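The values are calculated or read from the model by the stated rules, or taken from the named source; none is laboratory data. What you see is a predicted model, and the numbers here were worked out from it, not measured in a lab. Neighbour counts are summed over all protein chains in view; Cβ atoms, including those assigned to glycine, are modelled from backbone coordinates with ideal geometry. Just the protein is used for accessible areas: all its heavy atoms, side chains included, with ligands, DNA and RNA removed. Shrake-Rupley method; radii C 1.70, N 1.55, O 1.52, S 1.80 Å.
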Amino acid sequence: MIKKNNKSIILMVLVFTLISSFIVASFGNIYANESWEGKTYTVGYFTNGFPLQYMSDDGDPEGLAIEILDCISECSDINFEYYPILKGTTEEEANNFDMIASFTQINDYNNNIYLHNDRSITYYEIPLFLSGVYGFDFDEVTKVGIFDYKYLDEQQIHDLMPNAEVYRYKTIDDLEKDFLAGKIDFAFTTNIIMQMLLRADVDNTIQSYPLTLTIPLEIVFSDKITSEEQDYINDIIANRDQDIINKIILENSKDYSLDEKFLREKELYSSKEMTRNIITTTIVIIIIAIFIVQIYKYHLEKVTFFDKTTGFYTEYKFYLESKKILLNAKPDEFTIISADVDNFKYINEMYSFNTGTEVLTRFSKNIRQGYPKAILVSRIHADNFLILMKTAEYQNSKDNFNMSDFSDLVGDSYHVYYSQGVFVVDDPEQLMSTMVDCANFARSVGKDTYGNTVVEFTDEMNRVREVKNRILSNMESALKDKEFEVFYQPKIDLQNKTTCGAEALIRWVTKNKQMIFPDEFIPLFEKNRYITKLDLYVFREVCIFIDDYRDKIGNVVISVNLSTITLLLDKIDEMLISILKEYNIPINLVELEVTESAFVDNLELVMQQVSRLKSAGFTIALDDFGSGISSLNQLKNIELDVLKIDKAFLSDSLEESKGVVVIENVINLAKSLNLKIVAEGVETLESANVLADLGCDIAQGYYYGRPMKLVDFKEFLKIEKFD
Ligand code: C2E
Ligand code: CA
Ligand code: CA
């Protein structure tokens with residue numbers, strides 16, 4: 001039997017050598033710290049957790065967890081003395097140790113020990129996969145066994161195997177028994193369970209599927225370890241040097257003599273079932289091949305735990321670690337900070353990619369120095385960083401945050417500023433994504449202010465955020481249930497004082513009759529691109545109205561707003577035309593409003609789309625003119641029909657005589673370009689008269705009529721002439 005499995009044992013040795021050298025490599029940095037110099041800590045370890053932590057034949061502590069602690073000790077000034085936790089060890093005895101090497105809950109007899117103490121950040125993660133007998137269709141899998149382990153989230157299993165019932169096991173032995181007895185189809189697999197499969201009485205090939213779950217190994221701290229000492233150890237773990245890791249993985253393999261241990265381990269179990277061992281070498285090799293693939297895969301994943309540019313954690317790792325830290329947190333104990341560099345995209349585009357990277361590197365140093373006591377620091381993407389720290393530490397350090405000088409990179413005329421959003425974790429049981437969302441929300445609020453900003457998340461922000469989320473989660477059903485209602489705001493011809501048109505403006509009237517205005521949801525819908533559905537919906541509703549009111553509507557033109565996102569749709573012209581055709585609506589009865597800001601970001605593309613719509617026969621209005629930075633001069637190459645002067649620009653201008661001259665010039669210039677002029681936000685008769693005198697063609701505003709429901713607009717159309 002031993003001969004038969006020689007190959008596999010060699011492979012096994014290779015695998016464990018790989019893991020161990022990887023772990024040994026993970027701690028490259030030498031840490032020195034006066035206060036803990038020379039201190040020796042007592043560490044309890046479990047004697048039956050092969051290959052993670054176990055007792056050798058000579059009674060010595062062995063295993064991967066132990067190797068890791070040795071590394072921590074080697075690259076710092078602290079020492080560890082190991083003591084076995086045996087079957088009879090009581091919780092009280094175990095608590096006498098300064099630390100426990102690791103606590104994974106998958107050992108057979110440690111269930112009640114050290115459950116509630118502080119832990120370090122993760123120093124090693126054991127990859128998990130689901131394994132079962134080959135040939136199962138996943139839809140048919142009905143029983144899956146997993147350890148009763150708190151970090152395991154069952155969702156992944158349900159995603160993979162929708163009909164599976166999940167059974168939780170307290171011990172590996174019980175899981176093994178049921179798996180072998182065929183009571184469960186699939187089982188969670190680790191490198192430990194792999195051994196179980198090697199011993200198993202299975203006559204079919206095994207299939208294995210990787211999950212994104214891992215079992216993290218962490219040092220468990222007793223109450224004797226101060227938070228400063230914990231921070232120190234976490235720092236050693238967190239600041240692993242990736243280059244050294246990679247280098248040592250390649251160059252340095254530590255001799256494990258695992259074959260011996262492996263055999264010993266096998267003998268341990270042989271008393272039970274080894275006699276009927278009918279595993280073929282093929283099966284074993286397949287299993288081990290899968291295992292090796294897992295290890296490589298894991299290695300790749302491991303590299304992605306760290307961000308190359310900054311050395312910080314990645315988003316995935318940040319979420320993983322924060323969840324664990326917050327598991328036992330008290331309300332308000334921790335704070336999450338979301339930080340970014342203002343206009344980073346601009347820096348990247350205007351200078352160079354390298355400049356952008358250098359800005360990020362410097363900013364990441366600012367974060368490290370500004371928040372030296374941060375527990376987790378990560379770069380989420382681009383210039384967005386997340387930091388987790390104790391609230392008290394944040395309060396101590398928040399006034400000392402310094403931004404580097406970037407003038408050597410971006411010159412003296414441009415300033416690099418940061419925005420930070422601060423969220424105090426009031427309820428640690430909230431979803432991680434909610435907490436991060438709150439920190440991000442606070443950060444985005446600061447964007448409205450020029451310069452460096454730090455904004456703390458408030459109750460009022462929470463209200464707005466909740467409205468936002470409610471809007472986003474209800475938008476689909478709202479459209480289906482016709483909760484979006486088109487309102488119509490009349491446009492008045494200033495020469496003959498009659499209604500010549502209307503603008504279609506959307507309102508969200510919820511089931512409980514609450515009216516939500518477009519300013520609240522349009523920016524959200526533009527972000528998630530839902531706006532195109534909404535714009536097309538409005539366009540269709542307008543067509544239905546015109547169709548329905550054909551005889552009475554005369555030459556009244558209804559304008560519809562097109563978001564830039566809708567405008568840039570590939571076949572927007574065909575889409576709109578086909579809706580017009582469906583209701584047989586003449587194209588001159590509708591007008592499309594495109595906002596000025598569209599031209600700022602995507603001039604070329606927008607011009608091209610506008611020109612397509614023009615060729616299809618649509619009338620195009622430039623909305624919000626004067627709100628942005630464009631001048632008529634810039635816009636003269638765009639094929640437009642109508643210019644809508646922005647309401648804010650108008651009210652500012654009409655208040656002073658100089659402004660009136662500006663408006664007059666705009667009107668004259670627009671006239672010379674053959675554009676029709678609409679003034680928005682006309683609230684008084686005086687403004688209407690001034691505009692009429694200046695030659696403005698059309699007025700729209702509260703003075704003549706607010707946006708109104710369709711029934712009211714139909715009544716409004718009956719008014720023949722205004723003053
Ligand atoms: P907008 O296109 O500039 O629409 C004019 C806005 O000015 C409307 O706000 C209107 O109610 C308001 N307004 C009209 N007259 C006056 C006035 O005399 N004084 C003042 N202070 N305001 C006046 P509303 O309806 O809240 O819409 C806000 C924005 O939402 C619109 O600005 C438009 O950009 C967007 N929007 C509305 N409906 C749609 C739509 O169906 N699709 C898209 N993409 N955007 C829409
Ligand atoms: Ca508009
Ligand atoms: Ca407008």
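Each residue of region 708-723 is assigned a 3J(HN,Hα), and the resulting list reads 10, 5, 4, 4, 5, 5, 4, 5, 4, 4, 6, 5, 8, 8, 9, 6 Hz, derived from the Karplus form 6.51 cos²θ - 1.76 cosθ + 1.60 (θ = phi - 60°), x at Gly and Pro. As a calculated quantity, the FRET efficiency between Gln430 and Lys39 at R0 = 56 Å, using C-beta atoms, amounts to about 0.90. A cut-off of 5 Å between modelled amide H atoms, ignoring neighbours fewer than 5 places along the same chain, links Phe487 with Leu505, Ile506, Arg507. Amide H to amide H distances under 5 Å link Ile380 with Phe385, Leu386, where only residues 5 or more positions off or on other chains count and H is placed in the peptide plane. Backbone geometry of region 572-577 corresponds, through the Karplus equation with coefficients 6.51, -1.76 and 1.60 at θ = phi - 60°, to 3J(HN,Hα) couplings of 4, 4, 5, 4, 5, 4 Hz, x marking Gly and Pro.
Annotation for region 408-484 versus region 689-717: alpha-carbon center distance of 37 Å. Quick one: how many Å² of Leu589 are accessible to a 1.4 Å probe, rounded to 10? Accessible surface of Leu589 is approximately 20 Å². Altogether, the Stokes-Einstein calculation at 4 °C and 1.567 mPa s, with the Kirkwood radius of region 376-463 over Cα pairs as Rh, returns a diffusion coefficient of 90 µm²/s. Less than 5 angstrom separates the built amide H of Ser627 from those of Asp646, all sequence-distant by 5 or more or on a different chain.
Heavy-atom accessible area per residue, region 462-525, 1.4 Å probe: how many Å²? Walk me through the numbers before you get to the answer.
Working: 3120 Å² over 64 residues.
So region 462-525 comes to 49 Å² accessible per residue, rounded to a whole number.
Here the Karplus curve 6.51 cos²θ - 1.76 cosθ + 1.60, taken at θ = phi - 60°, turns the phi angles of region 479-489 into couplings of 5, 4, 7, 6, 7, 7, 10, 8, 9, 10, 10 Hz, with x standing for Gly and Pro.
Per residue, how much accessible area does region 37-76 have with a 1.4 Å probe, in Å²? Don't skip to the answer; put the middle values down first.
Working: 1310 Å² over 40 residues.
Dividing the accessible area of region 37-76 by its residue count gives 33 Å².
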